[in-house]
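This report concerns only the one structure given below.
Here, each number is a calculation from the coordinates, and none is a lab measurement. Keep in mind that this is a model prediction, so the values were computed, not measured. Neighbour counts are summed over all protein chains in view; Cβ atoms, including those assigned to glycine, are modelled from backbone coordinates with ideal geometry.
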Amino acid sequence: MADPVEPPPLFENVDILSDQKEDDDLFISARQEQSEPYHGAPQENLNGEADLSNLSLDDQKSELENVPISNSGTQDTLEQVEAASGDQFLDISITEPQKVGDGMGAYMAYRVTTKTNMPIFKKREFSVTRRFSDFLGLHDKLSEKYLKVGRIIPPAPEKSVIGMTKIKMSSQPEGSPSNGSDFVERRRASLERYLKRTSQHPVLVVDPDFREFLESDVELPKATSTSALSSAGVMRLFNKVGETVNKITYKMDETDPWFEDRLTHIEALETQLRKLHANVEAMVSYRKELSHLTNGVSRSAAMLSACEDHNSLSMALSHLADTEEKVEALHLEQANTDFFILCEILKDYLGLLGAVRDAFHERTKLFQHWQHSQQMLAKKREAKAKMELTNRTDKVDQAGAEVIEWEAKVERGQENFDKISKMIKTEVERFEKCRIHDFKMMFIKYLENHLNHQAQLVKYWEAFLPQAKAIA
């Protein structure tokens, strides 16, 4: 067996000190069992990966031996899947948010309704009840399977300790503003967008866990690992810190200009999206403040109308108060529309850009694996050469076997690095198409709503104009 060696710097979760660890598959979470084949597509693993176990040396699996990332037919397979799903649809909606329980043990449950004609589902329409932690658990399962192979996993909505605490401790009836109904509606909408984005991916949509989430009308096992106070949550926090440090301190020597250009583009896009998101939030706050001020104008006009002796002027002031009240409601409606159409979509895409970065980082980690294997191969060759020079024939055979072992690891490392690079290019291409389409639809919907609001505003003031002219 190989002699104990020092682990590579800035490389987490890899124990090379243990002889048995070399037989473990670090990417076991990226594999999955064969599931029901997708209609019209070749029967293979959902992530389009081939079994590389036949690459093992002497039937022993090494730490990088079975990293099923892709195969040469991945692009064709995805194109076939997308072509086969051309006439199929999957419509997901989330309704009826309900508070379950009382006190700090309470939680929100949501009704997830699905309508589809996809043959992989047992029914054409079905509904299930899910809690927020179920959504987080689904995201964790999909990330565990597919992130390590270079796929872009849509992020789940973020937790809000303040918002949920307000819901748990509130004794007001559901739907009242003081009960946090705005927070519940925002979360409901964000969860619905998360499921729809996941369903748009031709591989994630046929994943067994995703299908079980949508159609299994039983309570899912509680995803305790999603709790921030759980041991898994604490470990996840430490791992995230380690990942962040690794991202900052490690800079790989990029040989593919495509990745360098894409990363620069993503960084610039993220910066400008953050600025736009902040300005849209400010605009929404301004519209809400304008609505509040308009309400003050309406009340003041009504009180002035009550103490006005001139009949026609009093009547005009009364109509002005009514008009301002309608305008107030219109400003508030437009503020809410701007928030859900612009602000929330921009926030979602900031999270999606983070998911793209995560996929890029998985490629960097595979590059570190590959580089470490090359360094170890050089050391093993040097050790073998020293043994041959010193005529230590009892150790030469073992050293030769170790050299062959690390040569295989280097070859697999390069192969896996090339495959994840190809996978990421495919995923980013799909991401860009979806991004352009989503932004197009966002702008169209925003402009249509804005024009409707402005047209309604003009109607209100046109209706008031005869009252103003009637003052005599």
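Assuming R0 = 35 Å, can you tell me the calculated FRET efficiency for the pair ALA278 and ALA329, based on Cβ-Cβ distance, to the nearest 0.05? According to the calculation, E is roughly 0.85.
A simple packing score, the average count of other Cβ atoms within 10 Å per residue, orders the peptides 302-315, 419-432 as 419-432, 302-315, with the highest score first. Model label points for LEU451 and LYS386, set 7 angstrom from Cα along the Cα-to-Cβ axis, are 7.8 nm apart. Using the Cβ-Cβ distance between ALA401 and LYS99 with R0 set to 56 Å, the FRET efficiency works out to roughly 0.30. A simple packing score, the average count of other Cβ atoms within 10 Å per residue, orders the peptides 187-193, 364-370 as 364-370, 187-193, with the highest score first.
Between ASP217 and LEU350, the distance separating the two model label sites (each 7 Å from Cα on the Cα→Cβ line) works out to 4.0 nm.
Couplings 3J(HN,Hα) for the stretch 290-304, derived from phi with the Karplus relation 6.51 cos²θ - 1.76 cosθ + 1.60 (θ = phi - 60°), are 4, 4, 5, 5, 5, 4, x, 5, 4, 5, 5, 5, 5, 5, 5 Hz, where x marks Gly and Pro. How many angstrom lie between the C-alpha centres of the stretch 394-461 and the stretch 330-366? Between the Cα centre of the stretch 394-461 and that of the stretch 330-366, the gap is 14 Å. Taking label points 7 Å from Cα along the Cα-to-Cβ direction, MET315 and ALA472 give a separation of 0.9 nm.
The phi-based Karplus calculation (6.51 cos²θ - 1.76 cosθ + 1.60; θ = phi - 60°) puts the 3J(HN,Hα) values of the stretch 364-380 at 4, 5, 5, 5, 5, 4, 4, 5, 5, 4, 5, 5, 5, 4, 4, 5, 5 Hz, whole numbers, x for Gly and Pro.
A Förster radius of 51 Å, combined with the Cβ-Cβ distance separating MET441 from ALA106, puts the computed FRET efficiency at roughly 0.90.
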